[in-house]
Amino acid sequence: QVQLVESGGGSAQAGGSLRLSCAASGSISSINTMGWYRQAPGKQRELVATIRSGGSTIYADSVKGRFTISRDSAKNTVFLQMLSLKPEDTAVYYCTLVQLGGRYWGQGTQVTVSS
């Protein structure tokens, strides 16, 4: 089993910044993909960014140039630095880890951006 614990959510003004962290524990393969999804009220969960154990990244078009995903593989931790926040970034952000055997989700952390 794998457990994911997010931290760093909260409130920010438009144009501000927040940094999310997610620590994974349990039976973690050295080959995996970690990332972030988000879900706004009344909308489907959507990809924000992912990073493979080799370091390659994928970003949603809506966050390119504003958000940066990184990881510390030794600590099984993934980060999401969010800059130039917009009200439309308001959502619950979920950490995810995918490896052979399945996908795992954190419980989510709320990010609220006010205009």
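The values are calculated or read from the model by the stated rules, or taken from the named source; none is laboratory data. Bear in mind the structure is a predicted one, so any value in this text is a computation, not a measurement. We place every Cβ from the backbone using ideal geometry, glycine too, and count neighbours over all the protein chains shown. The protein model used for the area step is the full one, side chains on, heavy atoms only, and it has no ligands, DNA or RNA in it. Shrake-Rupley method; radii C 1.70, N 1.55, O 1.52, S 1.80 Å.
Table for the structure above
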| quantity | calculated |
| --- | --- |
| 23 Å tail of the calculated P(r), the chain, as % of Cα pairs | 22 percent |
| GNM top mover of Q13, Q81, Q44 - the chain, alpha-carbon springs below 10 Å | Q44 |
| Antiparallel DSSP beta bridges within the chain, percent to nearest 5 | 90 percent |
| Whole-Hz couplings from phi, Karplus 6.51/-1.76/1.60, listed for the range 79-89; x for Gly and Pro | 10, 9, 8, 10, 10, 6, 4, 10, x, 6, 7 |
| Residue among G10, T33, M82 farthest towards the positive dipole end of the chain, charges placed on Cβ | T33 |
| For peptides 54-62, 21-29, sequence by mean Cβ density within 10 Å, most packed first | 21-29, 54-62 |
| The chain, relative contact order [Cα under 8 Å, separation at least 6], % | 36 percent |
| Per residue solvent-accessible surface (Å²) - the range 74-115, probe of 1.4 Å | 50 Å² |
| Karplus-derived HN-Hα couplings along the range 101-115 (A = 6.51, B = -1.76, C = 1.60, θ = phi - 60°), whole Hz, x at Gly and Pro | x, x, 10, 10, 10, x, 7, x, 9, 7, 10, 10, 10, 9, 8 |
| Farthest toward positive dipole pole in the chain [+1 Lys/Arg, -1 Asp/Glu at C-beta], among S21, G42, L100 | L100 |
| Euclidean distance of C-alpha centroids, the range 94-112 and the range 1-55, integer Å | 6 Å |
| Solvent-accessible heavy-atom area per residue, rounded to whole Å², over the range 1-59 at 1.4 Å | 55 Å² |
| Stokes-Einstein D in µm²/s, Kirkwood radius over Cα pairs - the range 54-115 at 20 °C with 1.002 mPa s viscosity | 161 µm²/s |
| The chain - charge dipole about Cα centre, Lys and Arg +1 at Cβ, Asp and Glu -1, debye rounded to 20 | 100 debye |
| Fraction of accessible area attributable to carbon and sulfur, the chain (%, probe 1.4 Å) | 49 percent |
